[in-house]
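The next block holds one structure in the form of structure tokens; read it before the comments.
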Amino acid sequence: MLRSLFSRKKQQEITFLAPLTGTIVPLSEVPDPVFAQNVVGDGVAIQPTEGLLLSPMDAKVTHLFPTHHAIGLTSDTGLEILMHIGIDTVKLKGQGFTPFVAVGDQVKAGDKLIQFDLATLQESGCPIVTPIVITNGDVVAEKNVVAKANVQAGQEPLMTVVLK
């Protein structure tokens, strides 16, 4: 009986797969202060070279912006992430974005989430750098970006997160 009072919760580690193919960019270099100053949360960004966003982990789709430029996922452990394709892309009003999922869908790491047209984003003058941030950092004990300079979507780890 007392044993349960003293049992410790084992820390859990989650590994995110790279959700995009491209080049790793520190969040501090994203040309938007909301992301660069970690206002939304801590994480990393990718400068994509292909227009396909994949799920970095097994999760539930908890947010899909009506303009399809951003998506929120929540893991079974409660970790919440936001992936925001490009900067100021909300102004495109969905043009160039094709979602493969809806709010409430369960996804596995590597599943297609959103396809986007890189040319449309670039022609609109929107930076295409894509932040991947943890929006509930209070549950995180440690975050490590493990990816090297370039990543392949769905093929290699992007970062590891240890939950409290």
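A few comments on the model shown:
- Across Lys108/Lys143; Lys60/Lys143; Lys60/Lys148; Lys112/Lys164, pairs whose alpha-carbon gap is larger than 25 Å: Lys60/Lys148; Lys112/Lys164
- For the peptides 29-42, 88-101, 60-73, the ranking by packing is 60-73, 88-101, 29-42, with the highest mean count of neighbouring Cβ atoms within 10 Å listed first.
- Share of alpha-carbon pairs per 10 Å distance bin for the range 53-163, given as whole %: 14, 45, 34, 6, 0
- For the range 67-164: relative contact order, % (alpha-carbon pairs under 8 angstrom, 6 or more apart): 28
- For the chain, the relative contact order is 33 percent, taking Cα pairs closer than 8 Å that sit 6 or more residues apart in sequence and dividing their mean separation by the residue count.
- Contour minus Cα-Cα distance for Asn136 and Lys91 (0.36 nm per residue): 13.6 nm
- Overall dimensions of the range 83-141 as given by Cα atoms, namely Rg and Dmax in Å: 13.5, 40
- If you run the Gaussian network model on the chain, springs between alpha carbon atoms under 10 Å, then out of Ser124, Ser28, Ser55 the most flexible one is Ser124.
- Heavy-atom accessible surface of the chain, averaged per residue, reaches 52 Å², computed with a 1.4 Å probe.
- Modelled label positions at Thr67 and Thr49, each set 7 Å beyond Cα in the direction of Cβ, lie 2.8 nm from each other.
- Surface composition of the chain: carbon plus sulfur atoms hold 51% of the accessible area, using a 1.4 angstrom probe and ignoring ligands, DNA and RNA.
The values are calculated or read from the model by the stated rules, or taken from the named source; none is laboratory data. Remember, predicted model here, so these are calculated numbers, not experimental data. Ideal geometry is used to build each Cβ from the backbone, glycine not excepted, and the neighbour counts take in all protein chains shown. The accessibility values were calculated without ligands, DNA or RNA, using every heavy atom of the protein model including side chains. Shrake-Rupley method; radii C 1.70, N 1.55, O 1.52, S 1.80 Å.
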